[in-house]
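The values are calculated or read from the model by the stated rules, or taken from the named source; none is laboratory data. Quantities reported herein were computed from a predicted structural model and do not represent experimental measurements. Heavy atoms of the whole protein, side chains included, go into the accessibility calculation; ligands, DNA and RNA do not. Shrake-Rupley method; radii C 1.70, N 1.55, O 1.52, S 1.80 Å.
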Amino acid sequence: DAGITQSPRHKVTETGTPVTLRCHQTENHRYMYWYRQDPGHGLRLIHYSYGVKDTDKGEVSDGYSVSRSKTEDFLLTLESATSSQTSVYFCAIRLTGGNTEAFFGQGTRLTVV
Amino acid sequence: GQQVMQIPQYQHVQEGEDFTTYCNSSTTLSNIQWYKQRPGGHPVFLIQLVKSGEVKKQKRLTFQFGEAKKNSSLHITATQTTDVGTYFCAAEPSNTGKLIFGQGTTLQVKP
């Protein structure tokens, strides 16, 4: 699994509270991604990073921010959680070079009540 | 919106029947990838196609990349209950670094 760890694995939070999800990798891969998965929508890209302090928006970035101060950590923050952000969140890293496959973390199930 | 469209969204088959999912893009793709996600699990990489018209096989799975590099398909011959899951295609638009996924096709297999 390319040494990817997501934390927490499960979280229940109240509407309006800030939430930070962490993705940690052990193999110094340059590209890291945050996706959310909802029924009927597949995997939608929230933000991605192509290096330390280099991040860009994905398809559904509103209400989310990210930070990557170290190669190994990519943080996803919901500044003020809403019920529409209840979802399963996946972090991924991607190889570079000839085979650019992505490896996913185990996912974080976030419930906003 | 998503730049990679995948159909069908769901497919129910009897064990032993064949299954196909299709992925389409409005733009030319440099490559396309396929992933499988088992229920309750995370997506796992299956294969990457790069060349126009490329066909690759993995046992009962056949992957094709269209001649124009705008579409791809995954065909499973004689499905088994172990094939249950959601199959995703994924592509990187215009070498942006983004990795965009199709909506996925969820396969159910009746024993």
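Details
- Residues losing 20 Å² or more accessible surface upon assembly, region A:44-59, compared with the chain by itself, 1.4 Å: A:Leu45, A:Tyr48, A:Glu59
- For B:His12, the solvent-accessible surface with a 1.4 Å probe is about 120 Å², rounded to the nearest 10.
- Share of pairwise Cα separations in the protein assembly as shown, more than 23 Å, in percent: 47
- From the alpha carbon centroid of region A:67-90 to that of region B:22-82 is 29 Å.
- Seen through its C-alpha gyration tensor, with square-root eigenvalues sorted a ≥ b ≥ c, region B:53-102 comes out oblate because a/c lies at 1.5 or above while a/b is not bigger than b/c.
- When the alpha-carbon atoms of region A:1-42 are used, the pair Rg, Dmax equals 13.1, 35 angstrom.
- Along its principal axes, region B:4-110 has C-alpha extents of 40, 27, 20 angstrom, given from the largest down.
- Chain A, accessible surface, carbon-and-sulfur percent (1.4 angstrom probe): 47
- Solvent exposure of region B:3-111, expressed per residue, is 47 Å² of accessible area, with all protein chains present and a 1.4 angstrom probe.
- Share of pairwise Cα separations in chain A, more than 19 Å, in percent: 39
- Taking every protein chain into account, the 1.4 Å probe leaves A:Arg44 with about 50 Å² of accessible area, to the nearest ten.
- Loss of accessible area when A meets B, both sides summed, Å² nearest 100, probe 1.4 Å: 1800
- B:Val44 accessible area, assembled protein chains, probe 1.4 Å, Å²: 70
- Scanning residues 5 or more positions from B:His42 or on other chains, none has an amide H under 5 Å from its amide H, with H placed 1.01 Å from N in the peptide plane.
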